[in-house]
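What follows is a short report on a single structure.
The values are calculated or read from the model by the stated rules, or taken from the named source; none is laboratory data. Remember, predicted model here, so these are calculated numbers, not experimental data. No Cβ is skipped: glycine too gets one built from the backbone with ideal geometry, and neighbour counts run over all protein chains shown. Calculation scope for accessible area: heavy atoms of the full protein, side chains included, ligands and nucleic acids excluded. Shrake-Rupley method; radii C 1.70, N 1.55, O 1.52, S 1.80 Å.
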Amino acid sequence: GSQDKDIRLWDPRSSDASIATLQGHGDLVSQVRWHELGRSSWLLSGSRDGTARLWDIRNTRQEVTVFSGHSRAINGLEW
């Protein structure tokens, strides 16, 4: 997660380039948390835009849902 509002996924075997960029937050990404369940891998991200977003990393690298109940920045996440 970054101040540029993006989340980048990297191949730990290579530092040359990111393998995916996830976009959707309207402000800097302050937290990310990884979770693997069965054949799926999930990434939860929180932002100063007040949203938490759930991403399907392994299958589609797409946003699954947006949690928008916060009125202020999200500074912490836990599964």
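For first residues located in the range 9-38 and more than 19 Å from Ala52 (Cβ to Cβ) and free of Cβ contacts under 8 Å to residues at least 24 places away in the same chain, partners that are open to solvent by 60 Å² or more (accessible area, probe 1.4 Å) and of a type in the set (D, E, K, R) and lie 6+ apart or on another chain with Cβ distances below 6 Å form the pairs Ser18/Arg8. Pairs linking a residue in the range 53-77 that is within 18 Å of Arg8 (Cα to Cα) to a residue that is assigned to a loop (DSSP other than H, G, I, E, B) and open to solvent by 50 Å² or more (accessible area, probe 1.4 Å), with Cβ atoms under 9 Å and 6 or more positions apart or on different chains, are Trp55/Arg61; Arg58/Arg39; Asn59/Arg39.
Considering Trp34, Trp55, the condition of being on the phi < 0 side of the Ramachandran plot, of a type in the set (Phe, Trp, Tyr) and either surrounded by 17 or more Cβ atoms within 10 Å (Cβ to Cβ) or touching a Ser or Thr at 6+ places or on another chain (Cβ under 6 Å) (or both) is satisfied by Trp55 alone. All conditions but one from (1) open to solvent by 50 Å² or more (accessible area, probe 1.4 Å); (2) modelled with pLDDT of 85 or more apply to Leu9; the one that does not is (1).
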